[in-house]
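To start, the structure under review is shown below, and the notes come after it.
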Amino acid sequence: MRRAFALGYGIVAYLGFVGVFVALADFVAQQGLLRGIDEGTRVAWAAALAVDLALLALFGISHSLLARPWCKRLWRWAIPTVLERSTYVLVANLALALVVWQWRPMPQAVWHVDVPAARATLWGIHLLGVVILVVATFQTDHFDLFGLRQVWLHARGRRYTPVPFQERGLYRRMRHPMMAGMLLWMWSAPTMSVGRLAFAAAMSGYIAIGIVLEERDLTRTLGAPYQAYRRRVRAVIPLRR
């Protein structure tokens, strides 16, 4: 029964991630599936900016803190190790869903591209960013990253072993291809509103801080091999040093 519960918990967290990711992609691209970043109840711009930054801060702080090794050790008294990653995914799902739900629009245009070819190019880069983000998850271990591997091994009575670090695919060209994909995804906009600019800028700041924290943890965990990797490969620019 405990194994079945853990497996179900992990599956629900993963499916929640898929749903939130689709909602967030629609939110940023404003394709009309749920709601766009420039749609919804309008308030004064100062109030909107304060609410939006608070929502993004809630996501960024929770997402960064829960990923730190010291924080994982603290919450093991309440969360079994096998559910640790799925719980992390679940918390991220809830935080991002709150962003999409409670976002206050600031639709004033910062720039607007009218030339059809230029618009098509920007949409192409936007889509490329999403593709890079998704592909990069599979070039590490997609199912380990989102907690499914952990609960599946537990359900089968097998011991969990961490996924070894490997340089393959996009990771041979950049250390953080998921972050690179996110940056392309957020900034490639034929129409950039004040609200979307605030979203892109805040998330870029989160990415910069996240890279620093993650690299510190990886260096402590992997040691010399990761330090050599850092010297050879840039963080988000796909060029070897």
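The values are calculated or read from the model by the stated rules, or taken from the named source; none is laboratory data. None of these values were measured; they are calculated from a predicted model. Cβ placement follows ideal geometry from the backbone for every residue including glycine, while neighbour counts extend to all protein chains displayed. Note: areas computed on protein heavy atoms with side chains; ligands, DNA, RNA excluded. Shrake-Rupley method; radii C 1.70, N 1.55, O 1.52, S 1.80 Å.
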Exercise for review: Return only the number of the condition from (1) under 23 Å from residue 11 (Cα atoms); (2) in contact with an Asp or Glu (Cβ under 6 Å, 6 or more places away or on another chain) that residue 107 does not satisfy.
Suggested key: (1)
**Study point:** Selected residue [surrounded by 19 or more Cβ atoms within 10 Å (Cβ to Cβ) and either over 18 Å from the mean Cα position of the chain (by Cα) or closer than 18 Å to residue 197 by Cα (or both)] from 27, 5
**Key:** 27
Practice item. Select, from 35, 42, the only residue that is farther than 23 Å from residue 88 by Cα, in contact (Cβ under 8 Å) with a residue 40 or more places away in the chain, open to solvent by 50 Å² or more (accessible area, probe 1.4 Å) and of a type outside the set (A, V, I, L, M, F, W, C). Key: 42
Check your understanding: How many of the residues in segment 132-149 are assigned to a helix (DSSP H, G or I), within 30 Å of residue 4 (Cα to Cα) and open to solvent by 20 Å² or more (accessible area, probe 1.4 Å)?
Key -> 8
Point to revise | The lone exception for residue 79 - which of (1) within 24 Å of residue 61 (Cβ to Cβ); (2) part of a helix (DSSP H, G or I); (3) without any contact (Cβ under 8 Å) to a residue 60 or more places away in the chain it fails | key: (2)
Practice item. Only one of these is in a loop (DSSP other than H, G, I, E, B) and open to solvent by 50 Å² or more (accessible area, probe 1.4 Å): 121, 161. Name it. Key: 161
Exercise for review: Please verify whether segment 81-102 includes one or more residues that are within 26 Å of residue 192 (Cα to Cα) and among the charged types (D, E, K, R).
Suggested key: no
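Can we say residue 56 is open to solvent by less than 40 Å² (accessible area, probe 1.4 Å), closer than 26 Å to residue 123 by Cα and in contact with a helix residue (DSSP H, G or I) (Cβ under 7 Å, 6 or more places away or on another chain)?
Details: open to solvent by less than 40 Å² (accessible area, probe 1.4 Å): yes; closer than 26 Å to residue 123 by Cα: yes; in contact with a helix residue (DSSP H, G or I) (Cβ under 7 Å, 6 or more places away or on another chain): yes.
Criteria met by residue 56.
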Review point. Restricted to segment 60-90, and to residues that are among the charged types (D, E, K, R) and open to solvent by less than 40 Å² (accessible area, probe 1.4 Å), which residue is nearest to the chain's Cα centre (by Cα)?
Key: 68
Exercise for review: Read through the list (1) out of contact with any helix residue (DSSP H, G or I) (no Cβ under 9 Å at 6 or more places or on another chain); (2) among the acidic types (Asp, Glu); (3) part of a helix (DSSP H, G or I), then give the number of the only condition that residue 114 fails.
Suggested key: (3)
